[in-house]
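Some notes on the structure that comes next.
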Amino acid sequence: MWTATRGASVTDQPTRTVTKSEDEWRQELTPEEFAVLRRAGTERPYTGEYWDTHTTGVYQCRACGAELFRSDTKFDSHCGWPSFYAPLAEDRVRYIHDRTLGMERIEVRCATCDSHLGHVFEGEGYDTPTDQRYCMNSVSMRLVPDGDDDGSAPARG
Ligand SMILES: [Zn+2]
């Protein structure tokens with residue numbers, strides 16, 4: 001329906017932000033995706049799709065498609081979740097202090113749609129350039145292998 005207020009109170013909101021209602025997210029996501037992305041849940045270790053994946057490509061946010069991580073920063077942390085030592089770019093993620101479970105942790109969310117991705121840990125002694133571990137949920141991401149960005153079958157030799 002046309003409304004008289006249209007155009008009168010429009011503010012210049014950032015165009016790249018994705019905002020959806022809980023109902024919209026529920027319709028678009030599977031129950032498992034919803035529980036993690038929108039309820040800050042955690043998938044069980046060693047059960048996710050990507051914890052042991054070495055495919056070259058880009059990991060996108062499963063909720064909004066924003067590119068979050070590249071496979072070249074993924075490393076074998078043996079913790080049961082896909083782990084990266086740095087995001088694709090710092091502005092792709094946002095950080096929130098999380099004091100649940102009696103621990104001081106840093107939650108990592110998608111900067112575009114504010115969906116929960118996982119946590120970042122520091123100073124654990126992993127042999128990586130940053131000594132950080134972005135401990136992500138597989139269900140929060142979708143891997144797009146290199147050369148497969150148009151949705152066609154990947155060319156594999
Ligand atoms: Zn997102």
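Odds and ends about this structure:
- For Arg62, distant residues with modelled amide H under 5 Å away: Met141, Arg142
- Region 114-123 - phi-based ³J(HN,Hα) in whole Hz, Karplus 6.51/-1.76/1.60, Gly and Pro as x: 6, 8, 6, 10, x, 10, 10, 10, 10, x
- The loop-placed trypsin sites (Lys or Arg not before Pro) in region 93-139, going by DSSP, that have at most 14 neighbouring Cβ atoms within 10 Å of their Cβ come out as Arg99.
- Table column - 3J(HN,Hα) (Hz), region 24-39, Karplus curve with 6.51, -1.76, 1.60, x for Gly and Pro: 5, 4, 4, 6, 7, 9, 6, x, 5, 4, 4, 4, 8, 5, 9, 10
- Rg ratio (alpha-carbon, reference 2.2 N^0.38 Å) - region 22-145: 0.98
- Potential extension, Tyr46-His97 segment - 0.36 nm per residue separation minus Cα distance: 15.8 nm
- Under the combined filter of DSSP loop state and at most 10 neighbouring Cβ atoms within 10 Å, region 97-145 retains these GluC sites (Glu not before Pro): Glu104.
- Placing +1 on the Cβ of every Lys and Arg and -1 on the Cβ of every Asp and Glu, with no other charges, gives region 22-145 a dipole of roughly 120 debye about its Cα centre.
- 3J(HN,Hα) couplings calculated from phi for region 127-137 with the Karplus curve 6.51 cos²θ - 1.76 cosθ + 1.60 (θ = phi - 60°) are, in sequence order, 7, 10, x, 10, 6, 10, 10, 7, 8, 9, 8 Hz; Gly and Pro show x.
- Ordering of 67-74, 17-24 by burial proxy (mean other Cβ atoms within 10 Å per residue, highest first): 67-74, 17-24
Values in this text are rule-based calculations from the coordinates and carry no lab data. Predicted, not measured: the structure shown is a model, and the values here were computed from it. Backbone-built Cβ (ideal geometry, glycine too); neighbour counts: all protein chains shown.
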